[in-house]
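Q: Would you mind keeping the following structure in view while I ask a few things?
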Amino acid sequence: MADATDGERQEAIPKGKEFMPKVSTEQLANAIKAERVGKSKSILEACLLRRSSMGIRAIAKRIRVSYSTARGWLTRMKDGDLERWFDRKRPGQKRHLDERPVHAIRRWLGGPPKPPRVSGGGVEPGHSGTVDTVEVWHHLQGAHDGAHTQRPRLLIPQT
């Protein structure tokens, strides 16, 4: 198979409204705003730029990735829609939360935080749920300066 020139290779990926025809430009722009992860956001930005008929080399330069990376992203996304983008399966084991540590922490905290009591000088010490919670989490996480070398043990009942 003969190598194609860059111009021919770029034309294999449609430009303008032919690129990702199931998605409006507005939907693509909103998806970029909603995306938080850097690489995912860059992929969507590349799609939006291609939607505005920008060439692959210009897209790669603007997003600061290689030509082959930008081309690969655009090739995968050219016929796609955003539903598949957001519903894609994440790699790795599914996340699950074990409720036992949550219950142990709540027991250790002694229930929900006390509501603050306001006096003439402001909030009375010991009655600001926020401060109490921050202190507990500070001890759970450990100090960065090495002052707290041992974390408190949470006894998790076996069920």
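The values are calculated or read from the model by the stated rules, or taken from the named source; none is laboratory data. Note that this is a predicted model, so its numbers are computed, not measured. Heads up, the Cβs are rebuilt from the backbone with ideal geometry, glycines too, and the neighbour counts pull from every protein chain shown.
Q: Any residue that is closer than 30 Å to Lys15 by Cα and either at pLDDT 80 or above or surrounded by 14 or more Cβ atoms within 10 Å (Cβ to Cβ) (or both) - is there at least one of those in the stretch 129-136?
A: Looking through the stretch 129-136, none of the residues is closer than 30 Å to Lys15 by Cα and either at pLDDT 80 or above or surrounded by 14 or more Cβ atoms within 10 Å (Cβ to Cβ) (or both).
Q: Turning to a different aspect of this structure: Listed residues Leu49, Leu44; which is touching a Lys or Arg at 6+ places or on another chain (Cβ under 7 Å) and either surrounded by 20 or more Cβ atoms within 10 Å (Cβ to Cβ) or assigned to a loop (DSSP other than H, G, I, E, B) (or both)?
A: Leu49
Q: Pairs under 6 Å by beta carbon, first residue in contact (Cβ under 8 Å) with a residue 60 or more places away in the chain and surrounded by 15 or more Cβ atoms within 10 Å (Cβ to Cβ) in the stretch 63-81, partner outside any helix (DSSP H, G or I) and of a type in the set (Val, Ile, Thr), six or more apart or different chains?
A: Final answer for the pair search is Leu74/Ile13; Lys78/Ile13.
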